[in-house]
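Enquirer: Let me begin by handing over the structure; questions about it come next.
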Ligand code: NA7
């Protein structure tokens, strides 16, 4: 970079977008490192995903002990999860508690959206426009918007004419939704639909599920979390944290050591039985090659298909619910409580949209090619514009007014999943190109936040006021991310990982599939090499005085 623009005063060192788990830790870490910070949150409270996803049955598919911050031993000791897999209300309560414990709320503006943020090249700052009509100037823009916050309702013809109640799982109302005695439709059988369907079935007079693609779902076998498990998690925090960081999944448990086909049929089945009865999504890690070898994967898929056939009474329904045309785990694996058995209830029906496609939403319900249905309520469990949507839905503009949506029109490009060429001084926590959704997202968040803040400290120490990556660094990272994805079975299914669920979205595998451990190492190497792949600009004197001004207000 040739020019070294003079920094101008800023309102804060960093503006963080979002106050979910990523935003909360970013605020804390930035403040701890003496950066002034303002966070903008569209919701009325902290929690992000867990603030919005209030649908019946919403629950985390990562075990509570792992789905917790690890950066502060006191937080680990003083919060006691009640269940093995925490429910949405409990996780939201945890986020609220953390915000209070660390006094984070004073840095957050709630019920406010970032509408636009533009990089000012003359001052190396971001000017952020928010829905309250205010503008905030910050040296750094840090996105903590999450990967699954831009909900998607497909534009079904007639949608606007429907006169009943309409809900999306990811924007479930904050008031009570009474489904008792109602005729309810659920469209979508991904993780959200699969969690919601058994709970909705308990309330509704009649439930009709509209399925386009069947999913593999594994029993959660949720249960109370025992006191000794909590005590062990506290006592062994250091070890747990190290293990989580040095394994691909970010939960301290990697893939099994054996290849699936190295065992005879009976031993392989015993292993699958063990995982199936233990519950949770670790079933897909039972063998070392389930994510990379189609033949090995077929064995696991067949095992689950057999289970579906034994749980579901009606053979035709079982057949519709059985995935056959993609490997297990290639779409995000689902974890459920009583999903398949719900279809044995006489008041629950399944419509196979592959056989009977949805034509229109009518004023009273849904019309498919062969049938018409009346509903009091339609629930869209139709997912998200994953990974890129939360970012491109804001009007983010880098150098020369370049819009992020234009830069990413052919798929996301960035460096390490954390920084973008032409968008200096901007960082994305768990952005595309990082492990994020393929690992324990809390471990991913902690790693990203720590890396970003350390980078900012490095800049302060060296009096740099601008950091930017290059198109070349981006290209090499994107090629690396794609090369890893091509070696996995993820590319053998249509999924939101590839943007398949959003019409017109370029098909690119977005997350980094090389494992959190390898990713961490790569990030650490780059930092140690003075942030190889980035360039810095700085004016010692003015950069220092700007920081001093803003620190005074923190
Ligand atoms: P998902 O996993 O994207 O699931 C969305 C579901 O909606 C899935 O079954 C889709 O079928 C279905 N869908 C989407 N568009 C349509 C249309 N046009 N017609 C019919 N059906 C449709 O979203 P979730 O909210 O369940 O889960 C998202 C993530 O949250 C999950 O992976 C976890 O990480 C947590 P399709 O499979 O596309 O045929």
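Read-outs throughout are calculated quantities, based only on the coordinates presented, and are distinct from any laboratory measurement. These numbers come from a predicted model, not from an experiment. Quick reminder, even Gly has a Cβ in these numbers, built from the backbone with ideal geometry, and neighbours come from all protein chains shown.
Enquirer: Compute the long axis of helix 516-528 from its Cα atoms, compare it with the longest principal axis of the Cα atoms of the chain, and write down the angle in degrees, 0 to 90, nearest 10.
Expert: With rounding to tens, the tilt is 10 degrees.
Enquirer: On to the next question. Please give the direction-averaged projected area of the C-alpha convex hull for the range 403-463, in square nanometres with one decimal.
Expert: Values: hull surface 18.3 nm².
So the Cα hull casts an average projection of 4.6 nm².
Enquirer: With the convex hull built on the Cα atoms of the chain, state its orientation-averaged projected area in nm².
Expert: Numbers: hull surface 99.8 nm².
Seen from a random direction, the Cα hull of the chain projects 25.0 nm² on average.
Enquirer: State the extension gain, in nm to one decimal, for the chain segment bounded by residue 131 and residue 93, taking 0.36 nm per residue of separation less the distance between their alpha-carbons.
Expert: 11.0 nm
Enquirer: What do you get for Rg/Rh over the range 186-282 if you use C-alpha atoms and the Kirkwood form of Rh? Could you put the intermediate results ahead of the total?
Expert: On the way: Rg = 18.3 Å, Rh = 17.0 Å.
With Rh from the inverse mean 1/r over Cα pairs, Rg/Rh is 1.07.
Enquirer: So, one more: How do 477, 126 rank when sorted from fewest to most other Cβ atoms within 10 Å of their own Cβ?
Expert: Numbers: 477 23, 126 26.
Fewest-to-most ranking of 477, 126: 477, 126.
Enquirer: Would you mind ranking 241, 106 by Cβ crowding within 10 Å, fewest neighbours first?
Expert: Working: 241 17, 106 8.
So the ranking, lowest neighbour count to highest, is 106, 241.
Enquirer: Further question on the same structure: What's the angle, to the nearest 10 degrees (0 to 90), between helix 88-101's Cα axis and the longest principal axis of the chain?
Expert: Value to nearest ten degrees: 20.
Enquirer: Hey, can you rank 298-305, 192-199, 366-373 by average C-beta count inside 10 Å, highest first?
Expert: Details: 298-305: 19.2, 192-199: 25.1, 366-373: 14.8.
Order by mean packing, descending: 192-199, 298-305, 366-373.
Enquirer: Would you mind calculating the gained length between residue 500 and residue 101 on full extension (0.36 nm times residue separation, minus the Cα-Cα distance), in nm to one decimal? All intermediate terms of the calculation are to be shown ahead of the outcome.
Expert: Details: separation 399, 0.36 × 399 = 143.64 nm, distance 4.05 nm.
Between residue 500 and residue 101, full extension yields 139.6 nm more.
Enquirer: A further question on this structure: What do you get for the angle between helix 191-203 and the principal long axis of the chain? Use alpha-carbon atoms, 0 to 90 degrees, nearest ten.
Expert: Relative to the chain, helix 191-203 is tipped by roughly 50 degrees.
Enquirer: Further question on the same structure: When all C-alpha to C-alpha distances in the range 1-87 are sorted into bins of 10 Å, what percent of pairs does each bin hold, rounded to whole numbers?
Expert: 14, 34, 31, 13, 7, 2
Enquirer: Sticking with this structure for a sec: How far apart, in nm, are two points set 7 Å out from the Cα along the Cα-to-Cβ line at residue 461 and at residue 174?
Expert: Roughly 4.2 nm, to one decimal.
Enquirer: Could you please tell me the mean projected area of the C-alpha convex hull for the range 249-359, averaged over all directions and given in square nanometres to one decimal?
Expert: Details: hull surface 33.9 nm².
Across all orientations, the range 249-359 yields a mean hull projection of 8.5 nm².
Enquirer: Using only C-alpha atoms and all pairs of different ones, pull out the Kirkwood radius for the range 20-143 in Å with one decimal.
Expert: Working: mean 1/r = 0.0632 Å⁻¹.
So the Kirkwood estimate lands at 15.8 Å.
Enquirer: Next question. Using a 7 Å offset from the Cα along the Cα-to-Cβ direction at both residue 34 and residue 345, what is the distance between the two label points in nm, to one decimal?
Expert: 5.9 nm
Enquirer: Another question, then. Which log10 I(q)/I(0) values, to two decimals, does the range 464-515 give at q = 0.14, 0.19, 0.26, 0.32 Å⁻¹ under the Debye formula with one point per Cα?
Expert: Cα-only, vacuum Debye calculation for the range 464-515: -0.45, -0.70, -1.00, -1.19.
Enquirer: Quick one: 127, 404, 134, 15, fewest Cβ neighbours within 10 Å first, how do they rank?
Expert: With the sparsest Cβ surroundings first, the list reads 134, 127, 404, 15.
Enquirer: Pulled fully out, how much extra length does the chain show between residue 355 and residue 203, if you take 0.36 nm times their separation in residues and subtract their Cα-Cα distance? Let's see the in-between values first.
Expert: Values: separation 152, 0.36 × 152 = 54.72 nm, distance 2.79 nm.
Between residue 355 and residue 203, full extension yields 51.9 nm more.
Enquirer: Nearest 0.05, what FRET efficiency do residue 535 and residue 120 give at R0 = 22 Å with Cβ-Cβ as r?
Expert: Details: r = 18 Å, r/R0 = 0.83.
It comes to 0.75.
Enquirer: If each DSSP helix of 4+ residues adds -39,500 (n - 2.57) and the sum is divided by the residues in the chain, what number results at 222 nm, nearest 500 deg cm²/dmol?
Expert: Values: 17 runs with 181 residues, N = 554.
Taking each H run of at least 4 residues, the total per residue is -10000 deg cm²/dmol.
Enquirer: Which value, in Å³ per residue, describes the convex hull spanned by the Cα atoms of the range 98-167?
Expert: On the way: hull volume 13.0 nm³, N = 70.
About 185 Å³ per residue, rounded to a whole number.
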